[in-house]
Structures are given as C-alpha cells and as structure tokens.
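Worksheet for the structure shown next.
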Amino acid sequence: MSTTVDLVASPIEEGPLAGIDRRSAIDAVRLRIGMAILLGLLKPGERLPDQKDVALGLSVSPITARRALTSLAEQGIVVRRRGRGGGTFVADEPPREILQEIAAAPSELAAIHKLVDKRLLFECSVSHFAALNASSRQLDELEKLTATMAEATGWSEYHQADDEFHRLVASASGLGSAVDEYNHALAELYAYFLPYPIEHLHASNRDHIRLVEALRGRDVCSAVEVSRNHVGILHQTMFMGLLEERQADP
C-alpha cells in the first residue's frame, strides 16, 4: 500500500545524480553505505542509525532507506538483529566483491571532483556576502548549529545540522536567487556524502566555528579563506579522493 511519504521526492530522487549516472535513489543509498564500508569508514559490527535517521542523514525518503537497507541485508553487507540491542549492523565479513560491484564507476570520480569545484566557487561567494550582510539573529543561529554538530554522536545527526548550517550561511548572504543556485549545487554534492566517523565530522566542524567567528567580525577575507579550505579539502576526503589515494599506493 502506498503512503503519502512514498510520493514525496527526495533531493536524490529529484535528480542530483541523474546527470552523472542516472542511479536510482535506492542504489544511491546502497552506493553510499557500501562505499563507506569498503573504505573502512563504517567498521564491521558497527550499528547503523535507525531507519528514520538513515533517511534523514542521507536526504532520502524513509521507504527508500528501508528498501536500500533490505537490499544490503539480502546481499550480506549488513545484518539485522531483533530484540534488545538489535538494529542494523555492518556484517562482520561483508562480501568485498559485492561492495566493489555497487561502488561508483571510475567515470563518476572526475564528475564529483567537478561538483566540488562548483560548490567551492559558490561557497566562497556566499561566505563573502554573509560576512557583510548576516544579521545578529542569523549569526546566533549559526553558532547554535555548530554546538549541535559538536555534540552530535553520529553521522546522521551531524549531517542534518551541517546541511542547515550551510543553507543558513547562503541565506545570510542576501544574494537573492543566487541562493537557490547555491542550494542546488549543495544538494548535488550532498548526494555523494558518505557516513563518516563522528571524529572526522567533529574535526570538520572546527571550520564552521571559525567561519562564524569570521562572520561576526565582518572579516570577509577570513570568511572566504575558511570556506575555501573547508570545501577544497573534499577533493581528498570525499570517497573519490580516498579511492584515488588507495589506487596510487604501491
């Protein structure tokens, strides 16, 4: 039986991936979880968030998350346990050949690098104008979001606050319709973000804290430099960078 939520398109389902590989929303979730396992970002035996939080953290509908997790369980990549202490866990020995089958194609890696560069251009622009135009209320809200990310205990909770943070910076820029273009570029790249260890994400949040300090000080140069470094590092820390680093190892 269909429900209302089934009919609501998610950012992935609306098309950020369509121009690159036309991967279905379910396969996009499978890719992101599978790549995180393949790269060791999710460890054997590690518990995944609840289905609802997986959906929120990966910006998909609950039914998409459920179907993707069911598919991964059927292939032995994750296991589901009932009762107290139950949930969905990374398999102790997930089949590597299947993980490699669902991984991103080499042709996608260059395209994702281009998405990083696209976001980098936008990020520097919105940070520049946010340093000039952000209101006290917006700055206070940005600071609260950095505190939320600092206290987050898992990747899903963190990514939700991270998304809100960057969209608020864009809104604070006062750039009008250009903010919509920024949000679209952000969604395109977020469609490829993986579940990272929370320690990695907390380290990234230090950039957010520095950015808010620069915005409060109306320091345009510092704000742009923080944003340039924050996004530019994605070339190395997103999965295409990690894969390329592995391939370069002797």
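The values are calculated or read from the model by the stated rules, or taken from the named source; none is laboratory data. Treat the numbers as computed from the prediction; the structure is a model and nothing was measured. When we count neighbours, we look across all protein chains shown, and the Cβ atoms used for this are built from the backbone with ideal geometry, even at glycine.
Of the residues contained in the stretch 206-214, none is found to be in a helix (DSSP H, G or I) and modelled with pLDDT under 95.
If a residue must be more than 24 Å from residue 82 (Cβ to Cβ) and part of a loop (DSSP other than H, G, I, E, B), how many such residues does the stretch 26-59 contain? The number of residues fulfilling the criteria is 4.
Does residue 63 meet the test of being crowded, with 18+ Cβ neighbours inside 10 Å, touching a residue at least 12 places away in the same chain (Cβ under 8 Å), under 23 Å from residue 189 (Cβ atoms) and of a type in the set (A, V, I, L, M, F, W, C)? So residue 63 does not fit the description; no.
Of all residues in the stretch 60-78, those satisfying the criterion of being within 20 Å of the chain's Cα centre (by Cα) and either closer than 21 Å to residue 94 by Cα or outside any helix (DSSP H, G or I) (or both) are 60, 61, 65, 66, 67, 68, 69, 72.
Residues that are of a type in the set (A, V, I, L, M) and surrounded by 16 or more Cβ atoms within 10 Å (Cβ to Cβ) were ranked within the stretch 112-138; the one that is modelled with the lowest pLDDT is 112.
Residues in the stretch 119-166 that are touching a helix residue (DSSP H, G or I) at 6+ places or on another chain (Cβ under 6 Å) and either of a type in the set (Lys, Arg) or not assigned by TED's automatic domain parsing to the domain that holds residue 209 (or both): 119 alone. Taking residue 208, is it touching a residue at least 40 places away in the same chain (Cβ under 8 Å), farther than 30 Å from residue 39 by Cα and out of contact with any Asp or Glu (no Cβ under 7 Å at 6 or more places or on another chain)? It is false that residue 208 is touching a residue at least 40 places away in the same chain (Cβ under 8 Å), farther than 30 Å from residue 39 by Cα and out of contact with any Asp or Glu (no Cβ under 7 Å at 6 or more places or on another chain).
Within the stretch 150-167, the residues that satisfy the criterion of being hydrophobic (A, V, I, L, M, F, W, C) and either farther than 21 Å from residue 122 by Cβ or surrounded by fewer than 18 Cβ atoms within 10 Å (Cβ to Cβ) (or both) are 150, 152, 155.
Can you name every residue in the stretch 79-93 that is over 23 Å from the mean Cα position of the chain (by Cα) and either modelled with pLDDT under 90 or surrounded by 11 or more Cβ atoms within 10 Å (Cβ to Cβ) (or both)?
Residues satisfying the conditions are 79, 80, 81, 82, 83, 84, 85, 86.
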